[in-house]
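Heads up, the thing below is written out as structure tokens.
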């Protein structure tokens, strides 16, 4: 009984000592924090201009610009891949055509939704995102370049 009372007293004293170490004193006031709620914008990744004039490109570019403005900017920058899924879709359409680009995008989107063992399959970009550009998935042997996992790409 006496042993448990002594342990309780030691625990209470230790708790009070720990709390008093981080307590606010009169001579040291905590400053008011001014949080910044502005979302950082990466203009290098977002190109809103139209480079081509063919109809499939114009439709897909308009769709992606609308997605960037109304959804992606509000949702935040949380894509684990570089380039992002919307940029991947646009780049795959530019490399191939609308149908193959859409198929490449849906393949990428299904891989994006499965977070298990990503680091074993993709190299890492310099901003700690998984590097997965569409040029690695084209059907031309001259353009495909294998990059082993766990390597840092700049």
message = If I build a Gaussian network model for the chain, linking alpha-carbon pairs within less than 10 angstrom, which residue out of 116, 33, 19 has the largest mean-square fluctuation?
response = 19
query = Can you give the helix-only mean residue ellipticity at 222 nm for the chain, where every DSSP H stretch with n ≥ 4 adds -39500 (n - 2.57) and the sum goes over all residues, rounded to the nearest 500 deg cm²/dmol?
reply = -12500 deg cm²/dmol
ask   = How far, in degrees from 0 to 90, does helix 2-21 lean away from the longest principal axis of the Cα atoms of the chain, to the nearest 10?
value = 60 degrees
Within a Gaussian network of the chain (alpha carbon springs, distance under 10 Å), most fluctuating of 74, 21, 90 = 21
ask   = Per residue Cα convex hull volume for the chain, in cubic angstrom?
value = 229 Å³
key: For region 60-140: span of alpha carbons on each principal axis (Å, largest first)   = 36, 34, 22
note = Relative contact order in percent for the chain (Cα pairs under 8 Å, 6+ apart) equals 17 percent
request  = Using Cα pairs closer than 8 Å and at least 6 residues apart in sequence, work out the relative contact order for region 73-154, in percent.
outcome  = 31 percent
task = Could you state the angle between the C-alpha long axis of helix 55-67 and the longest principal axis of the C-alpha atoms of the chain, as a value from 0 to 90 degrees rounded to the nearest 10?
result = 10 degrees
ask   = With the chain treated as a Gaussian network of Cα nodes joined by springs under 10 Å, which of 80, 134, 115 yields the largest mean-square fluctuation?
value = 115
ask   = Once the Cα atoms of helix 85-95 and of the chain are each reduced to a long axis, what angle between those two axes, in degrees from 0 to 90 to the nearest 10, is obtained?
value = 20 degrees
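Each reported figure results from applying straightforward, stated rules to the coordinates on display, with no laboratory input. Since we're looking at a predicted model, the values are computed, not measured.
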